[in-house]
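Please read the structure below before turning to the comments.
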Amino acid sequence: MTEPIVETNQSKNKEWEPKIIAFLCNWCSYAGADLAGVSRIQYPPNIRIVRVPCSGRINAYFIIKSLIDGWDGVLVSGCHPGDCHYISGNLVARRRFAILKELLEFFGIEPGRVNFMWASAAEGERFAVLVRKATKIVKELGPNTKFQKEW
Amino acid sequence: MIMGLETENKEIENNLREIARGLLKEKKVDVIIGYEKGSLPLLSQPIIIDSEENVDKLIWNNLCYVNLAKYLVPRIPRFIDPEKGNLTVGVISKGCVGRALIHLASENKINLDEIKIIGIPCNGVVNRQRIEMEIGEKEILEVSVSDNNVIVKGKDFKKDFPFDEYMNELCKGCKIRKPPLISKYPDLCVGECEEYSNIADDFTDIEEFESKTPKEKWEFITDALSVCTRCYACREACPMCYCNLCFVDQNKPIWFGKTTDLPDIIVFHLIRAMHMAGRCVACGACSLVCPMGIDLNLINRKLEKIVKERFNFTSGLDPDTKPPMVDFKMEDAQEFMLEED
């Protein structure tokens, strides 16, 4: 039996770790995350996964509401363009994401807080690599305080 | 004596009345919506005309900032006959009103057979609030225009406001001053209209803002928006905001807070901007009605820039093109997506 590699980073030194909410599409990315899991590929435990039917389901409300609710980062993942289970859901979503990303940047909110990626059901390795990358980006930005209310 | 703004463009006004009279006489339209003198000197207000004798009430000057397309989506009851159904409406249109109507047609909100665009050339509207702010507490009794000056008179004062300076910011760089002419619908437009093809836009002001650091941008935006009282006047004036239930009024689920705390204000404007992408026709009505004088044009211009650069789209020029946000292309740019190194 292989020994589980448990990252004890958090318990050893109290370094701040971001919390990232990840919206994964049911057909590709969620299965990709599953594959990463069953293949025992390590990726940061910072993400909390929400399964959605399609990346086209993701409204800008979801992303901004997550930031308001205090998540340090948002990760959205769907099928590669052309591979969408619903033919074009991710292509329509891509236009929305482009506008949202540019607007956030324009408002002065660090664009790295919200990340978008494609990962198919066969790409467990890619999923892990990109989650690592997204976590690194958010970690460098620090805690999300812009949407905090002052009481 | 209270007087409205007297313009040197008597010619435009006369032409406009002539066209309106002709259309009503030949029964080409049932009603006409246009502008009339407001109840106060610096104001204009919409008027609905259904008979020839009232045509002389129509005016056209630099204070006519209301986007009349707002009255067609949804149709106000005045434009629906209980027996005949939808009436044919003639709309006095400057460039942005015409664009709004045509964009709404591309969203299937307006049937182009039921409207008539009466085009007029526009040279920009006055930013009334800035003038009022400068005058302060004193009462304005008379307003007139001469040699590109807006002259405001009161009981014991008289002040000149250069039109170029007190014009609405958005109007300064406007490229579509007359309503667009659609060759597919030859009966749609009367009056002064123009055919537009490729519109070269100058976004240097936006690029300048974009080059700031995130901290500077955030400070500027929060500073500008922090006075917002969430009265939603911008939403009410916008011809594109026609949802039955706006996202801010929704309470099942409550997406976003309804307070005037900074995060809630920012989110309201962020989402409002999201909804305007590829739809804003740059009429500037939202900024002109803002009681707090917030300039939303910066955000709207940014949207225009994104849509132009990414999707090569200018809203309100063709009723048969799909709006960019409901359309897609396989080869859309996706440089913002995360990729493996």
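Observations, loosely collected:
- Single residue of the stretch A:45-65 satisfying the filter (out of contact with any Leu (no Cβ under 8 Å at 6 or more places or on another chain) and more than 14 Å from every other protein chain (Cβ to nearest Cβ)) that is nearest to residue A:95 (Cα to Cα): A:57
- Residues located in the stretch B:220-239, provided they are surrounded by fewer than 15 Cβ atoms within 10 Å (Cβ to Cβ) and within 14 Å of residue B:298 (Cβ to Cβ): B:223
- For the stretch A:66-77, taking the residues that are at the interface with chain B (Cβ under 10 Å from one of its Cβ atoms) and touching a strand residue (DSSP E or B) at 6+ places or on another chain (Cβ under 7 Å), the one that is modelled with the lowest pLDDT is identified as A:67.
- Look at (1) of a type in the set (Lys, Arg); (2) crowded, with 16+ Cβ neighbours inside 10 Å; (3) modelled with pLDDT of 95 or more and you find that residue A:51 fails only one, number (2).
- Filter result (under 25 Å from residue B:12 (Cβ atoms) and surrounded by fewer than 18 Cβ atoms within 10 Å (Cβ to Cβ)) within the stretch B:113-128: B:121, B:123
- Residue satisfying all of: in the stretch B:272-297; touching a residue at least 40 places away in the same chain (Cβ under 8 Å) and at the interface with chain A (Cβ under 9 Å from one of its Cβ atoms); farthest from residue B:221 (Cα to Cα) among these: B:278
- Evaluation of residue B:195 against the conditions (1) touching a residue at least 24 places away in the same chain (Cβ under 8 Å); (2) touching a Pro at 6+ places or on another chain (Cβ under 9 Å) shows that the sole unmet condition is (1).
- Residue pairs meeting the criteria (Cβ under 9 Å; at least 6 apart or on separate chains; first of a type in the set (Ser, Thr, Tyr), in the stretch A:78-91; second part of a loop (DSSP other than H, G, I, E, B)): A:86/A:27; A:86/A:53; A:86/A:54; A:88/B:328
- Filtered residue count, the stretch A:98-124, keeping only those that are assigned to a helix (DSSP H, G or I), within 15 Å of the chain's Cα centre (by Cα) and more than 7 Å from chain B (Cβ to nearest Cβ): 4
- If you go through the stretch B:175-225 and pick out every residue that is under 24 Å from residue B:292 (Cβ atoms) and either among the hydrophobic types (A, V, I, L, M, F, W, C) or not in a helix (DSSP H, G or I) (or both), you end up with 8.
- Odd one out for residue A:90, checked against (1) in contact with an Asp or Glu (Cβ under 9 Å, 6 or more places away or on another chain); (2) more than 8 Å from chain B (Cβ to nearest Cβ); (3) in a loop (DSSP other than H, G, I, E, B): (3)
The values are calculated or read from the model by the stated rules, or taken from the named source; none is laboratory data. None of the values given here were measured: they were computed from a predicted structure. Using ideal geometry, Cβ is built from the backbone for each residue, glycine included, and neighbour counts are taken over all protein chains shown.
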